[in-house]
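Participant: After the structure tokens below, expect a handful of questions from me.
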Amino acid sequence: MNITLRQLRYFKALAEDLHFGRAADRCAISQPALSVQIRDLEENLGVELFERQPRALRLTPRGEEFSERATPILQAVDELGDWAQTARGSGLGLLRLGVIPTIAPYLLPNFISALTSAHPQVDLHVRETVTPRLIDELLDGQLDAGIVALPLDEPALVETRLFTEEMVLIRPDTDRDAAPVGLDTLASMRLLLLEEGHCFRDQAISFCNINPNRPGGGLDGSSLGTLVQMVGAGIGVTLIPEMAIDVETRSAPVCVNRFDAPAPQRSIGLAWRASNPMGKMLNELAEIVQKAAGRDADQYVMHDKPTKG
């Protein structure tokens, strides 16, 4: 039996996308070539990995089992490359970084500039995605690290806490001279939320102690920018993180309502697999993230082993 790493990577891409065209694009090969490689893999194994239908593709039960076995193999191979890079002392080379959507637009410009200045040779691949998917891709070895809101509560990941930031309330500009609103009154207001899958949605619900299925709800947005524009149109109010204020409020008729202490906050950090041999370099990366966010060194706290925050 002759199974190649290339075939394993092609299989993994197809198992995730369940679409030959998208998986082929992802692997930078033609669709017929991908189909041949998958068929060769199945013939070598003597097992059908995919159930092919005219308009659908799905893993067979044996394909599900094969995927579970192939994932740690590919992860181990990727970590061998990371180990070799670390052993050579060559600094950051390929870096696959995940960032959640409520951080990416506001932190990445300064971060990328700082990173490329400190490591001109870095080959940075950025993936913007929601927290559950980011965690899965970290654990699968598809990402080296992720900039996230903590805690993740995943024992296999190291969490490095970088800084905290406040949440602020965004109100229509017509409320600019109105009395400040406290957290205790938000439950009676029409609070616009991000759609399901965003951790910031869950944080807002928790901070405000509201029922997401309450009457008057149901208007969810796909981004903070969409929510702020909806507020500007007079539809309701919303919460955004402090780092998003300058970007999201400059083109909408809204005002910022800061809360009295103790104001709601979220913790921002960097996470990576505890088994990743790039740990020392990722600690340095954490410092770059923190500086890009304009935070002081005394706010920087690191955890050398997995934590549940």
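Only the coordinates and a few stated rules stand behind these numbers; no lab work does. Model, not experiment: these values are computed from the prediction. Because the Cβ atoms are built from the backbone with ideal geometry, glycine has one as well, and the counts that use them run over all protein chains shown.
Participant: With angles folded into 0 to 90 degrees, how steeply does helix 104-118 sit against the dominant principal axis of the chain? Use alpha carbons for both and round to 10.
Facilitator: That helix lies at roughly 60 degrees to the long axis.
Participant: Give me the one-decimal nm value for the distance between modelled label points at Glu16 and Arg176, 7 Å along each residue's Cα-to-Cβ direction.
Facilitator: 4.7 nm
Participant: Please list, ordered by chain and number, the residues whose modelled amide H lies under 5 Å from the amide H of Ala145; skip anything fewer than 5 residues away on the same chain.
Facilitator: HN-HN under 5 Å from Ala145: Arg96, Gly98.
Participant: Would you mind working out the magnitude of the charge dipole of the stretch 1-73 relative to its Cα centre, with +1 at each Lys and Arg C-beta and -1 at each Asp and Glu C-beta, to the nearest 20 Debye?
Facilitator: It works out to roughly 200 debye.
Participant: Once the piece of chain linking Ala156 and Ser206 is laid out straight, how much longer is it, given 0.36 nm per residue of separation minus the C-alpha distance between them? Working shown, then result.
Facilitator: Numbers: separation 50, 0.36 × 50 = 18.00 nm, distance 2.56 nm.
Length difference between fully extended and current span is 15.4 nm.
Participant: Same structure, new question: Need one word for the stretch 165-264: rounded, prolate or oblate. Basis is the Cα gyration tensor (sqrt eigenvalues a ≥ b ≥ c); a/c below 1.5 gives rounded, then a/b vs b/c decides.
Facilitator: It comes out rounded by the Cα gyration axes.
Participant: Assign one of three labels to the stretch 89-171, namely rounded, prolate or oblate, based on the Cα gyration tensor with a ≥ b ≥ c the square roots of its eigenvalues; rounded applies when a/c is under 1.5, prolate when it is not and a/b is larger than b/c, and oblate otherwise.
Facilitator: Numbers: a/c = 1.90, a/b = 1.23, b/c = 1.55.
Since a/c reaches 1.5 but b/c is at least a/b, the shape of the stretch 89-171 is classed as oblate.
Participant: Relative to the longest principal axis of the C-alpha atoms of the chain, give the angle of the C-alpha long axis of helix 199-208, reported between 0 and 90° and rounded to the nearest 10°.
Facilitator: The angle comes out near 30 degrees.
Participant: Using R₀ = 35 Å, calculate the FRET efficiency as 1/(1 + (r/R₀)^6) where r is the Cβ-Cβ separation of Arg55 and Ala76; round to 0.05.
Facilitator: Working: r = 36 Å, r/R0 = 1.02.
That gives a FRET efficiency of 0.45.
Participant: Note down the relative contact order for the stretch 165-264 as a percent, whole number, built from C-alpha pairs under 8 angstrom at least six residues apart.
Facilitator: Numbers: 149 pairs, mean separation 51.2, N = 100.
Worked out over the stretch 165-264, it gives 51 percent.
Participant: Could you give the dipole magnitude of the stretch 165-264 about its Cα centre, charging the beta-carbon of Lys and Arg +1 and that of Asp and Glu -1, in debye to the nearest 20?
Facilitator: Numbers: 7 positive and 14 negative charges, 54 e Å.
In total the dipole reaches around 260 debye.
Participant: Ok, one more. Could you size up the charge dipole of the stretch 111-241 around its Cα centre, putting +1 on the beta carbon of Lys and Arg and -1 on that of Asp and Glu, and report it in debye to the nearest 20?
Facilitator: Values: 8 positive and 19 negative charges, 93 e Å.
Once rounded to the nearest 20, the dipole reads 440 debye.
Participant: Here is a follow-up. Quick one: check the C-alpha center-to-center distance for the stretch 100-114 versus the stretch 223-244, whole angstrom.
Facilitator: 19 Å
Participant: Quick query: amide H of Leu162 versus all other amide H atoms, modeled in the peptide plane; which residues come in under 5 Å with a sequence gap of 5 or more or a different chain?
Facilitator: So Leu162 has HN proximity to Ile268, Gly269, Leu270.
Participant: Using a ≥ b ≥ c from the Cα gyration tensor of the stretch 36-83 (square roots of the eigenvalues), is it rounded, prolate or oblate, where a/c under 1.5 gives rounded and otherwise the larger of a/b and b/c decides, a/b for prolate?
Facilitator: Working: a/c = 2.41, a/b = 2.14, b/c = 1.13.
Judged from the Cα gyration tensor, the stretch 36-83 comes out prolate (a/c at least 1.5, a/b above b/c).
Participant: Something else now. For the stretch 143-177 and the stretch 263-296, what is the centre-to-centre distance using only Cα atoms, to the nearest Å?
Facilitator: 12 Å
Participant: At R0 = 22 Å, how high is the FRET efficiency between Asp136 and Asn110 if r is their beta carbon distance? Nearest 0.05 is fine. Walk me through the intermediate numbers first.
Facilitator: Details: r = 28 Å, r/R0 = 1.25.
Efficiency for this residue pair is about 0.20.
Participant: In addition: Could you quote the convex hull projected area for the chain, Cα atoms only and averaged over all directions, in nm²? Don't jump to the answer; show the numbers that get you there.
Facilitator: Working: hull surface 77.8 nm².
The number I arrive at for the chain is 19.4 nm².
Participant: What is the fewest-to-most order of Val47, Val122 by other Cβ atoms lying within 10 Å of their Cβ?
Facilitator: Details: Val47 13, Val122 16.
Ranked by crowding around the Cβ, least crowded first: Val47, Val122.
Participant: Considering the dipole of the chain built from charges on the beta carbon (Lys and Arg +1, Asp and Glu -1) around the Cα centre, which of Asn110, Ala261, Thr164 is farthest to its positive end?
Facilitator: Asn110
Participant: Pop a pseudo-label 7 angstrom from the Cα along the beta-carbon direction at both Lys280 and Val126 and give the gap in nm to one decimal.
Facilitator: 2.8 nm
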